[in-house]
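Here's the structure, in structure tokens; my notes come after.
Each value in this text was obtained by applying a stated rule to the coordinates, not by laboratory testing. Worth saying up front: this structure is predicted, and the values here are computed from it rather than measured. Here the Cβ positions follow ideal geometry from the backbone for every residue, glycine too, while neighbour counts run over all protein chains shown.
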Amino acid sequence: MGGTKTAAAGVAALALLLMASAGTAFAARTADRPTPQSTPPAAGARLSASPGERLTFTLPASLPGKNGNRVVSEIFVEPGTLRMNDPVITAVATVACDTPPGVYPVRQTGPDGPPEGARGEPWVSVEVADIGAAERAACPAKVAALPPEQPEEHWPAGRSWPQSPWDVRTFRPGEAVTPTASDASAGYGDTLTSPGFTGRAVMRGAKAVVTAAATIRCDAGPGLYEVRWAGGDEVWARYRVAGSADPDRPACRDRAAEPAPGRTPWPAGTAAALAAVGVVAYAVARRRRRPR
């Protein structure tokens, strides 16, 4: 009898364990941003692919200095670029349709490194399979149908903005933002310009880090906006404006259009009338002061 109770208890515990495991798996599958399918990043690994196939390389986001590096190989249509896709860094590359069967090295290189990659041992290798004539003829159309690589990066919300020119954050009209830079890329008093800002944002701060206070224009329409240094052409940052002003905040008002603190704005007609009165009063006063 005791053995039967023990067995029943064991079955119940196993059932609870399976239910918990199933719940965990379901939560992972229904996450808002699931981890993309990736290839093993272990150095020396051999991967398998066919011509026309797109590979996704993934590295832990905790590895420093990897963002912006390229993943290169002679078999790729274009080198892949490692981009932050929190909680990982990913790069995609497509195997060219005319790649003969064989084993090919894949290397990592810096953003401006040689197209064949850094010298030395390869990071991983790819074994490309042979395909039939019909599949190879259909390969170019297959590659053309692949979605374009997305350059936008997704950094952790707690990191300052921007971490790179493609660190695209989303803001609302009327929202205050704080562009941040190191003294290696900006200086005290440098200004930033963007068509979505209410005005120029001036950098202020300590030696190592400088920040600027900027506000998104109330009339900024949805879309992608660029930020540049005043007088420069290079894009320093990008951001996206989505929706309208935050409904939980007071009515959106551009700061540039607001009166100075402690002053009450006059209506346009009243201001013009007062200006005219002032001119007349000034003329009368001058006539009275003239010596006779």
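If you take the C-alpha gyration tensor of the range 120-174, multiply each eigenvalue by 5 and take the square root, what semi-axes do you get, largest first, in whole Å?
Numbers: eigenvalues 304, 80, 10 Å².
Working through the eigenvalues yields semi-axes of 39, 20, 7 Å.
Considering the alpha-carbon set of the range 62-179 alone, what are its Rg and its Dmax in angstrom?
Reported Rg and Dmax, both Å: 17.9, 58.
Can you list the chymotrypsin sites (Phe, Trp or Tyr not before Pro) in the range 134-235 that are in a DSSP coil and have 16 or fewer other beta carbons within 10 angstrom?
TYR188
If you wrap a convex hull around the Cα atoms of the range 47-116, how much volume per residue is inside, in Å³?
It comes to 80 Å³ per residue, whole-number rounded.
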